[in-house]
1. At A:Met62 and B:Leu131, where each label point lies 7 Å from the Cα along Cα→Cβ, what is the point-to-point distance in nanometres?
2. Inside 10 Å of the C-beta atoms of A:400-406, what's the mean count of C-beta atoms belonging to other chains?
3. Taking the beta-carbon count within 10 Å as an exposure proxy, list A:Met81, A:Met1, A:Met175 from fewest neighbours to most.
4. Would you please classify the overall shape of the stretch B:72-195 from the alpha carbon gyration tensor, given that a ≥ b ≥ c denote the square roots of the eigenvalues, rounded means a/c under 1.5, and beyond that prolate means a/b larger than b/c while oblate covers the rest?
5. Taking 8 Å as the Cα distance limit and 6 or more residues as the minimum spacing, I'd like the relative contact order of the stretch A:71-139 as a percentage.
6. Please report, in cubic angstrom per residue, the volume enclosed by the convex hull of the alpha-carbon atoms of the stretch A:81-204.
7. Would you mind checking the tilt of helix A:165-177 against the longest principal axis of the Cα atoms of chain A, expressed as 0 to 90 degrees and rounded to 10?
8. Given a cut-off of 17 Å, what percent of all Cα-Cα pairs of the stretch A:1-66 lie beyond it?
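Values in this text are rule-based calculations from the coordinates and carry no lab data. Worth saying up front: this structure is predicted, and the values here are computed from it rather than measured. Cβ coordinates were reconstructed from backbone atoms using ideal geometry, including for glycine residues, and neighbour counts include every protein chain displayed.
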Amino acid sequence: MLNKISRYTIILLIVVVSALYLPDFFSMLFDKKVTTPRMDYSVIINDFVYTRNHGMGQRDRMDIKGNSYEEREYFRLLPFMYYANLDKWGQLPEEIEGIEISSKIIRKNSQVIRIAPKYVNPPLVPLNIMFEAEGDYAELIIPDDVFRLGNTIEFLDPTSNSVLQEKSKKFQDAMKKIGFKFPVKLSAANQTNRKPFDEGYFIVDANNELFHLKMIKGEPAIINTGIGPDLQIRQIYVSENTRKEFYGFILSEDNQVYLITYDDYKLRHIPTASDVEGQSYVADKMTVRFYTYPVNKHIQVIGDGFNHMIVLDNDFNKKAEHTMEWTPYAKRPASIAKSYLFPFELDTYDPLQYVKVSLSTNLPQALVGIALSLIALFIFSRKRPILDYVIVLFTGVFGLIGVLLIKPEE
Amino acid sequence: MLKAILYKEWIKLRWAVIVIAGLTVLSLAYSASMINYYVEFQGAFQNWMYVIGKSLLLKNIVFVKVLPLITGLVFALLQFVPEMTNKRMRLSYHLPISEKKLLLSSVGIGYIFLLAEIIFLFFGLWLVVSLTYPTEIVSKALMSSIPWFLGGSAIYFMASFIILEPSWTYRIIYGIMTYGLITKFYEANTYDQYQTLWAYILIVAVMPLTIMFAGYRFRRGSK
């Protein structure tokens, strides 16, 4: 009896290993990668343009009407992207849509933010650094302490690995005074000194209210932004820019993106929805990019099989919209063949930067593979315990491999 | 009978247990001195930044990653290679104890020694890391080490199983399977990335069961 359990344990391990590796090997061998277009919006012709790589250095440059362009012509269509080259060639237009243009103006008035799945909830050590927001120097000075935000706020001295009581107390008192309720649910900042100035931290407190915390001349400066508690915040991205239009972004639990504007923390909703089903932004699977240029703003939602682009004017009115599609992975021949062959797949890859075992089933197509596996077992070796068939019934070709490799001992 | 088996396995493992314990102390000392070196070299604050942002600590505690793996493999080799040379295992099968009990208790006793080494390493790591870093980093480091300990346990069970298996064809099949499983415990590139640890624990927990099949095949002289 125990020998049988032992044999089926081995078969089970073989099933697990095959389900982890074989579907990936199959894709690696047979899947033909599709070339995805890179889409953009040209303010010169007021239309969408794109490039598509064909390998071996071949590249199509087209607009969506079907006209094709040479490299330099294409650069001229996208002055906000290729302004450095255009400036060098003396081909940068003097004004676009009534706005004066130069390299300097473009550089000053451009800003890019992107939210990819790997930034949604990354595995981070929950320790932070607080810059001096109004320091005496041109660049931001990196402090010499770190702080933790949790049940309280505590500054730590790395040299002695101990709490800086006085500074911690000062911040705790300031936060409690304004009505901040510990413990902290979420905090976000742009923790780099490669930025023009510092806007500190955006912190969600226990009541789901959003606070803005900075350090000015060594003193805490905390403001209740008035955002929340009805907005379910999933993540916040802070992005300081001299344009001072917005502090950053909020990604909500229901996959909506909002700008936190400098206008008294008023939120501005960014359109990321699409009329086509499955093409509205979902943070766990798709990437959203937000480009700000001197005359307009671009939003791109990129997922498996599509790139949905929305162009807004500077007052956030929708100007144009276009979707480019390509064959998503699930509709490619290799993937379809795979779903018939393998009843399920195990994966440890997680786009959110974790290692996570996930199981995906391929029913009902997989019934074909299961039936074939059962027939194969019947043909190749007939005298089998009934449990072998049951295993193959549930695990298809994975079970077949295990059952055929590990023969029963009488 | 169990006491006799315990004594027998202890005789096979005692030098390894002592040597590995020594190596554990040495590698913890190495980690501690590496951490100190980086703190001196980078300055405490900069070092913390590298540890938080660039996973520097994983590099400094690299022996915690490999030591359980080596220990598991060495214990399995020391316990079961002597049994398989000249088919000495046949003698054990004449003992007044069932073959299953015999195998499971041998593996169980070996695993207790391995677990003791792992626990020693775990607490050593705790001590070394908490000397320099705050609880946030300590807990991340400890959580990161759990898949490595599971990997060490997995290699012990699978290596014992492969050694006991009499046929080379099966050994190769099991070897490929083991490689596929073991690599899954070492996929992290930053702290505490494993989300579904229960699945990994479950896989390791069923592994000791495999050994009975090999023992049974050995007794039957299957090829």
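1. 6.5 nm
2. Partner-chain Cβ atoms within 10 Å, mean over residues of A:400-406: 2.
3. By the 10 Å Cβ count, ascending, the order reads A:Met1, A:Met81, A:Met175.
4. Taking the square roots of the gyration eigenvalues as a ≥ b ≥ c, the stretch B:72-195 is prolate.
5. Relative CO of the stretch A:71-139 lands at 17 percent.
6. Measuring per residue, one finds 196 Å³ for the Cα hull of the stretch A:81-204.
7. 90 degrees
8. Beyond 17 Å sits 66 percent of the P(r) for the stretch A:1-66.
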